[in-house]
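Student: One structure coming up, written as C-alpha cells, with questions to follow.
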Amino acid sequence: MPAAFDIIGDVHGCDAELVALMECLGHPIDPARPHPEGRRLVFVGDLVDRGPASPAVVIRVKRLAEAGRGLCVAGNHDIRLAEALRGEPVEPGHGLEVSLGQLAAESAEVWEEVATFLARLPGHLVLDDGRLVVAHAGLEEIHHGSDANAAREAAIHGAYTGDFDDRAMPVRDDWASRYRGAAAVVQGHTPVAAVEWLNNTICIDTGCVYGDRLTALRWPERELVSVPAMACHARSARGPLPPRRLSPRPVARPAPPLPTAADALATLRQSAVTEVPRRGGNVAEDPPAPDPWVIHLPPTMSPCDPSQHGDGLEHPLGAFAHYAAAGLRQVMCEEKQTGLRGVAVVCRDMATAARRFGVGDGNAGAIHSRTGHRSLPAIDEASLVGAIRTAADAAGLWTSLDTDWLCLDGEIIGLADAGTDRSTPRFVFFHLLAAEGRTFFDREHVWHLDTLRRLCAARADGGSLGVTSHRVIDLTRPMDVAAAIAWWHALTAVGAEGIVVKPLTLAAAGTDGPVQPALKVRGADWLRRVYGKDYREPASLGALRDRSLTTKRARALGQFAIGIEALERFVAGERRERVAACLAAHGAWVPAEDDGG
C-alpha cells in the first residue's frame, strides 16, 4: 500500500479544532485505534502558544506518535517553550505566557512530558521515498535529509532577508520563490489567506488561532480539508499573507557593497577637519587642553528608533531596523553598563609618561570622563591605572602591540553617590582605542573585546577590571534576532539598563555614508527613571515616539568624528594645540534635548 498522510497545519493550542479536523479526516480520536485506511497524521509544528489548550494538544500528538499513528516536526514556538521549560532565557510574548500559564495548572509529570517531547522533535521529515518533505518554516533542497545544525535552523526558524518593514519587523525570506526541487515541501509558520502551490511548495497555516481555520493536506491526493475555528484567541502582528500571485513576497538578496572600515574612517576624519574650525576649535584661539592626559573624548549616544506598536518606546528591533536600512546585515550587541563613561590613558612606566605626555608628577596614567573631567578620587584612579598597567604587562600587551602606552574606552562602575558609603570602582572595557603609532577604529568590536578579555584575564584578582558582555547578531537569522531580544529582556528584568547595538567595526559606513557608532536600547523600568513613571501613557508615549532624533544623532556622529581626529593627531605626534582644537570643537556641539544620557 502506498504511503498516505494527512498533514495538519499550525495548531497553536486549538485542541477542539484538532479533534474536529481528525474526525473530518476519518482519524479515530483514540490513539490505539488506527485509521481504517492506514493513513498517518503529520504535524507541521507550532503545536503550542496563543490557543486555549496547548498541553492537551502536545499530549494528544505525543500519544499518536507513540502509537505509530502520527509524526511531528518542531516549530519555533515548540522549541521556544521547551527552552523556557528548561530555564533558558527566551524572548517573552507571542503566546509563550499563555502556554506557561496552562502548564502551571498541570502536574509535574505533564510538565516534564511536554518539555521532553517538544525538545526531541526533528527539524524536518523526508517521507514517501523522498517525494515529500515536511518542515515547519519550509526547507530548500540542499538541506533535505540533512541532520546539520544549519538544516535544522532553516527548517524550524526559516530566514530573514535582512530588511525590516515599516513596523520595524524583520522581513521573512520567501525561499519558495526560488525552489526548484523535485520533492514537494509542506510547511506552516506563516499564516496565509489562501492555500496555494508555488514551485512544488505549499503553506497550510491558515490561522486557526486567529479565528480563521485549521487545514490539512491529504497526501498523495493533494486535497485540502479544513474546519473553521471555534473562536479567535489571538491577534497576528503580521496578518495573513495575501495570495502570492497578487503580492509576491520579498526574497533575500546579497548584502549591498559597503565602504570598508578604513574608508569610513577616512570619511569621518575628513568631516572632522571641516567641523573643528566651525565648532570653535580654532588653533590660533584655543589654548592647549589643561589636562595632558586628555587626548580623546567619546561621543554621546542616541536612542534607537522608537517602537511604533505596543506600549513600549525602545526595543532591539528599532536598532536592528536602523542599521539594516543602511545596508548592514550584522551588528554587535553589548550590555549597556550603568556608570560613568571613562577614557583611561595608561603608560608602561613613568619615563613614557614624561616623554609622551609631558607628565613628571610620578603618575603613569589617568582616567577622565566623557567630557574630559577627572571624576574619580585620586586613590581610586591610581588603583585602576595600576591595575591596567599590571594586567597589560601580565598579558604581554605591551610587547604584542609594540607600545608603551594605551588609550582605552569603557565605563566606571560602582562610584559612590553623595551621602553613601564609599565603594571600590571597577573599569568595564568597551574599546582599545589606540597605542603608540596607531589607532584601532578600523578594527571589529570582537577584536577589541577579545584583546581586552586577555587583559582582564591576566589580572590576578579579576575584580577591578572587566569586559562588557556581548554577542554578534546576523540580521538574516531569526534565531540570532530572537536570542538578542531574549537577552535584552533578561537583562532589563533584573534591573540592567539595556543593551547597546553597534556596527561590527568601531568606524563603519552604510550605503549613505558613516553610520551611528552605537544606539542604546533601554528597558521600561530604566526609561521610567528618565521620562517619569507615566511615560507609557498614550499621550506621553506618542510625544516621545514623535520626537526628532536628528539633532542627537548629528551630534553623536559629529563628536565621534572629532574624537577620532583628536586621537589620530596625538598618535601622529602633532602639536598639542592641534589636539586641543579637536577637544574644544567636541565640546562646542549644542547639547541635544536630554533623553537620559
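Student: Just to check your reading of the model, which residue among Gly51, Gly68 is within 24 Å of Val186 (Cα to Cα), over 27 Å from the mean Cα position of the chain (by Cα), crowded, with 19+ Cβ neighbours inside 10 Å and of a type in the set (Gly, Ala, Ser)?
Tutor: Exactly one of Gly51, Gly68 is within 24 Å of Val186 (Cα to Cα), over 27 Å from the mean Cα position of the chain (by Cα), crowded, with 19+ Cβ neighbours inside 10 Å and of a type in the set (Gly, Ala, Ser), namely Gly51.
Student: Take the residues in the range 253-279 that are among the small types (Gly, Ala, Ser), modelled with pLDDT of 90 or more and under 13 Å from Gly510 (Cβ atoms), then tell me which one is surrounded by the fewest Cβ atoms within 10 Å (Cβ to Cβ).
Tutor: Ala261
Student: Right, another one. Would you please name the residue that is farthest from the chain's Cα centre (by Cα), looking only at residues in the range 144-184 that are loosely packed, with under 14 Cβ neighbours inside 10 Å and of a type in the set (A, V, I, L, M, F, W, C)?
Tutor: Ala182
Student: So which residues in the range 1-40 are aliphatic (A, V, I, L, M), farther than 21 Å from Val90 by Cβ and touching a Leu at 6+ places or on another chain (Cβ under 6 Å)? Give the derivation first.
Tutor: Filtering the range 1-40 down to residues aliphatic (A, V, I, L, M) leaves 1, 3-4, 7-8, 11, 16, 18-22, 25, 29, 32.
Subset that is farther than 21 Å from Val90 by Cβ: 1, 3-4, 7-8, 16, 18-22, 25, 29, 32.
Result: Ile7, Leu21.
Student: Among what's in the range 1-56 and is of a type in the set (Lys, Arg) and assigned to a loop (DSSP other than H, G, I, E, B), pick the residue that is farthest from Gln102 (Cα to Cα).
Tutor: Residues of the range 1-56 of a type in the set (Lys, Arg): 33, 39-40, 50.
Narrowing the set further to residues that are assigned to a loop (DSSP other than H, G, I, E, B) leaves 33, 39, 50.
Numbers: Arg33: 28, Arg39: 31, Arg50: 11 Å.
So the residue we want is Arg39.
Student: Look at Leu401 and say whether it is buried (at least 16 other Cβ atoms within 10 Å of the Cβ) and within 20 Å of Leu340 (Cβ to Cβ). Steps first, please.
Tutor: On the way: buried (at least 16 other Cβ atoms within 10 Å of the Cβ): yes; within 20 Å of Leu340 (Cβ to Cβ): no.
Considered against the rule, which asks whether it is buried (at least 16 other Cβ atoms within 10 Å of the Cβ) and within 20 Å of Leu340 (Cβ to Cβ), Leu401 comes out as no.
Student: Being hydrophobic (A, V, I, L, M, F, W, C) and at pLDDT below 95 is the filter here; which residues of the range 25-81 pass it?
Tutor: Restricting attention to the range 25-81, the residues satisfying the condition of being hydrophobic (A, V, I, L, M, F, W, C) are 25, 29, 32, 41-44, 47-48, 53, 56-59, 61, 64-65, 67, 71-74, 79, 81.
Within the range 25-81, Ala32 is the sole residue that qualifies.
Student: Filter the range 71-90 for residues that are surrounded by fewer than 20 Cβ atoms within 10 Å (Cβ to Cβ) and not basic (Lys, Arg); which is farthest from Arg33 (Cα to Cα)? Show your work before the answer.
Tutor: First pass over the range 71-90, keeping only residues surrounded by fewer than 20 Cβ atoms within 10 Å (Cβ to Cβ): 71, 83, 85-89.
Right, trim to not basic (Lys, Arg) and you get 71, 83, 85, 87-89.
Details: Leu71: 16, Glu83: 33, Leu85: 32, Gly87: 37, Glu88: 38, Pro89: 40 Å.
The selected residue is Pro89.
Student: Let me spell it out: the conditions are (1) over 24 Å from the mean Cα position of the chain (by Cα); (2) among the hydrophobic types (A, V, I, L, M, F, W, C); (3) closer than 24 Å to Arg278 by Cβ, and Phe560 meets all of them except one. Which number is the exception?
Tutor: Phe560 satisfies all of (1) over 24 Å from the mean Cα position of the chain (by Cα); (2) among the hydrophobic types (A, V, I, L, M, F, W, C); (3) closer than 24 Å to Arg278 by Cβ except (1).
Student: Please determine, by comparing only the residues of the range 443-460 that are within 13 Å of Val472 (Cβ to Cβ) and hydrophobic (A, V, I, L, M, F, W, C), which one is nearest to the chain's Cα centre (by Cα).
Tutor: At the first step, the residues of the range 443-460 found to be within 13 Å of Val472 (Cβ to Cβ) are 444-450.
Now narrow it down to the ones that are hydrophobic (A, V, I, L, M, F, W, C): 446-447, 449.
Working: Val446: 15, Trp447: 19, Leu449: 17 Å.
Filtering first and then ranking leaves Val446.
Student: So is Arg374 of a type in the set (Lys, Arg), buried (at least 16 other Cβ atoms within 10 Å of the Cβ) and closer than 29 Å to Thr300 by Cα or not? Lay out the reasoning, then the answer.
Tutor: On the way: of a type in the set (Lys, Arg): yes; buried (at least 16 other Cβ atoms within 10 Å of the Cβ): no; closer than 29 Å to Thr300 by Cα: yes.
No, not satisfied.
Student: Separate question: Quick check: anything in the range 473-487 aromatic (Phe, Trp, Tyr) and touching a strand residue (DSSP E or B) at 6+ places or on another chain (Cβ under 6 Å)? Break it down stepwise before answering.
Tutor: Filtering the range 473-487 down to residues aromatic (Phe, Trp, Tyr) leaves 487.
Then drop every residue that is not touching a strand residue (DSSP E or B) at 6+ places or on another chain (Cβ under 6 Å), which leaves none.
No, that holds for no residue.
Student: Moving to a separate point now. Hey, can you tell me all the residues within the range 423-460 that are in a loop (DSSP other than H, G, I, E, B) and within 22 Å of Thr338 (Cα to Cα)?
Tutor: Within the range 423-460, the subset in a loop (DSSP other than H, G, I, E, B) is 423-425, 436-437, 440-443, 458-460.
Across the range 423-460, the qualifying residues are Ser423, Thr424, Pro425.
Student: Between Asp30, Asp10, which is over 37 Å from the mean Cα position of the chain (by Cα) and not basic (Lys, Arg)? I'd like the intermediate steps shown before the answer.
Tutor: Working: Asp10 fails: over 37 Å from the mean Cα position of the chain (by Cα).
Being over 37 Å from the mean Cα position of the chain (by Cα) and not basic (Lys, Arg) holds for just one of Asp30, Asp10, which is Asp30.
Student: If a residue must be surrounded by 18 or more Cβ atoms within 10 Å (Cβ to Cβ) and without any contact (Cβ under 8 Å) to a residue 24 or more places away in the chain, how many such residues does the range 484-501 contain?
Tutor: So the answer is 0.
The values are calculated or read from the model by the stated rules, or taken from the named source; none is laboratory data. Remember, it's a predicted structure, so these values are computed and weren't measured experimentally. Cβ sites come from the backbone with ideal geometry, for glycine too, and all protein chains shown count toward neighbours.
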